[in-house]
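Below is one structure; the comments refer to it alone.
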Amino acid sequence: MICPKRTSELLDLHLAPFKDKDPAWEIGVSRIAGRGVVATRSLKRGEIIFRDSPLLIGLAAHEEDALNACSVCLKMLPDTRFMCRQGCGLPVCSLCAKKKQHKGDCDLFKSWGPNEPDVANSVIIRLLCVARAINLSKEQRDLIYCLQANLDNNHRTEVRNAAKCFKNFPTDKKLIEIMNRTVAVLRTNGFDKTTDRTNDNQEFNYRALYPLFGVVNHDCIPNAYYTFEEKTNNMIVRAAVDIPEGFEVTTTYTKLFTGNIARHLFLKMKKGFTCKCPRCSDPTEKGAFISGLYCRDTNCTGLVVPEISGLPHPNWNCLECKQKSTHAQMMKSQDFASGAINAKANSNSLRTLVQYLNEKSDSFIPNSNYVVVDAKMSVLQRLQQGREDCSEELANNTRLRYSRDITQVMDKLGLGDSLLRTHLEEQLRREEERRAKRLADEAEKQRKLAELQAKAAEADQLLAVLEKEQADQAAASAGTADPGTAPAPPPAAAELA
Ligand SMILES: [Zn+2]
Ligand SMILES: [Zn+2]
Ligand SMILES: [Zn+2]
Ligand SMILES: [Zn+2]
């Protein structure tokens with residue numbers, strides 16, 4: 001472990017452009033692993049903890065057909081003639097082609113001699129984020145070396161493959177080592193479309209390293225969340241819940257709605273550690289039962305959950321009848337359910353998927369299971385893009401129901417604020433407003449109807465009185481054969497007056 005003091009010094013240099021005078025954090029010894037970011041005063045939910053800027057950022061260039069983005073400003077370009085005319089093999093817009101940043105990138109890549117400089121090559125474009133480490137200052141590079149790196153067997157593959165795309169790729173061991181190390185640090189601490197770090201339902205299309213955020217340790221129930229400023233790509237980290245002074249700030253490296261076993265496997269393989277957070281130590285995952293399956297005994301209504309053993313294939317226990325099952329046995333149920341739900345999800349009919357989730361799936365898989373939660377998330381996403389074959393009413397009801405279901409899962413897990421929660425609560429609020437408006441409209445309609453009915457009744461009454469008056473008058477005039485007797489005013493008319 002690199003000492004927290006040196007990390008702090010290097011981070012101070014990196015953050016100098018916008019470091020708070022009175023930061024709410026410090027680098028300290030972590031209870032989770034090595035060193036971490038610790039709150040130096042109590043933080044309220046929603047409060048900004050820190051800002052960070054990317055030390056390295058570049059295009060992720062994962063899809064071969066979407067390589068027409070500028071390597072400097074990262075904006076999409078018209079898909080003709082977007083490659084640098086200097087022959088560096090990088091896409092660049094006409095404005096950025098004149099900037100200092102591109103001059104540095106351009107000189108470096110030209111000196112390596114790309115094989116086909118006019119053809120956008122994802123391997124070359126993807127390497128840029130890594131190669132930029134070469135032109136950083138000594139302190140900036142030291143900062144990269146300060147961060148955790150999972151130096152597994154695969155981390156050298158990227159640079160090795162990229163070398164084949166250039167005529168004069170450097171053979172200098174020191175340069176290669178810097179790049180390999182940067183790849184490993186990016187894979188462990190960086191953002192990339194392929195990693196699950198961007199789990200908060202937000203797309204981040206670049207490859208980037210935020211050094212201070214890189215020091216933030218993992219917890220499966222994080223107490224902080226982040227957003228990006230669109231213009232600068234700077235990151236803002238906020239408290240997801242109230243954080244007491246002296247508590248460590250945490251984020252999550254995994255998706256929120258995966259079960260204990262899958263998270264463990266991911267963290268072990270990709271990040272090289274075993275998480276021991278409270279969620280990971282609880283077979284029920286705080287009562288959210290994300291991995292929960294039905295008991296194999298059809299007479300038992302209990303849920304079966306995997307034991308906490310740290311093994312990739314643990315035994316499972318029924319919480320009701322205590323029956324033990326092997327991992328293979330439970331995986332059969334899980335695979336069956338996942339297959340059935342995914343088949344509906346892949347069909348073109350959104351209505352079919354919604355009906356299946358509402359009426360069928362809980363006969364063979366609990367609603368708390370991650371495959372159901374995932375399917376509901378995908379329904380909400382699809383509804384955001386359009387109703388497809390759902391009626392307006394079905395779409396509205398589904399939005400309300402699934403947003404509520406997922407926020408309930410988040411509540412059970414004890415998850416605080418996040419972009420996902422904000423989004424779901426917004427959906428709920430809008431749906432509830434729509435309902436309230438519909439109820440108010442209905443009440444108004446009823447009120448108007450009642451008013452009309454009252455008026456009609458009044459008119460009927462009036463008519464009856466008039467008719468009676470006429471009849472009385474007729475009767476009176478028939479009786480005036482007796483002169484001198486003035487007709488008495490009709491009593492009803494007097495009442496009316
Ligand atoms: Zn540009
Ligand atoms: Zn160039
Ligand atoms: Zn955990
Ligand atoms: Zn049972």
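The values are calculated or read from the model by the stated rules, or taken from the named source; none is laboratory data. Note that the structure is a prediction, hence the values are computed from the model and not measured. No Cβ is skipped: glycine too gets one built from the backbone with ideal geometry, and neighbour counts run over all protein chains shown. To get the accessible areas, we keep the full protein, side chains included, count just its heavy atoms, and leave off ligands, DNA and RNA. Shrake-Rupley method; radii C 1.70, N 1.55, O 1.52, S 1.80 Å.
Before moving on, here are some points about what is shown:
- The eigenvalues of the Cα gyration tensor, multiplied by 5 and square-rooted, give the range 322-375 an equivalent ellipsoid with semi-axes of 23, 11, 8 Å from largest to smallest.
- With protein chains left intact and a 1.4 Å probe, residues in the chain average 53 Å² of accessible area per residue.
- Ordering of 287-296, 372-381, 461-470 by packing [mean C-beta count within 10 Å, highest first]: 287-296, 372-381, 461-470
- Overall form of the range 56-208 per C-alpha gyration tensor (a/c, 1.5; a/b vs b/c): oblate
- Calculated SAXS-style log₁₀ I(q)/I(0) at q = 0.16, 0.22, 0.23, 0.30 Å⁻¹ - the range 220-260, Debye, Cα scatterers: -0.51, -0.81, -0.84, -1.02
- Size-normalised alpha-carbon gyration radius of the chain, reference 2.2 N^0.38 Å: 1.48
- Karplus-derived HN-Hα couplings along the range 368-379 (A = 6.51, B = -1.76, C = 1.60, θ = phi - 60°), whole Hz, x at Gly and Pro: 7, 5, 4, 5, 6, 4, 4, 5, 5, 4, 5, 4
- Sorting Met83, Met410, Met269 by accessible area puts them as Met269, Met83, Met410; the probe is 1.4 Å, largest comes first, and only protein heavy atoms count.
- Under Karplus coefficients 6.51, -1.76 and 1.60, residue-wise ³J(HN,Hα) of the range 309-323 in Hz, glycine/proline x: 10, x, 7, x, 10, x, 6, 10, 10, 7, 6, 9, 9, 6, 5
- When the alpha carbon gyration tensor of the range 357-418 is reduced to an equivalent ellipsoid, the three semi-axes, largest first, read 20, 16, 9 Å.
- Within the chain, helix-based [θ] at 222 nm, where runs of 4 or more DSSP H residues each add -39,500 (n - 2.57), nearest 500: -14000 deg cm²/dmol
- Dimensionless Rg over Rh [the range 285-416; C-alpha; Kirkwood]: 1.01
- Among Leu256, Val305, Ser111 the positive-end extreme of the charge dipole of the chain (Cβ point charges): Ser111
- Using alpha-carbon coordinates, inclination of helix 100-112 to the longest axis of the chain, degrees: 50
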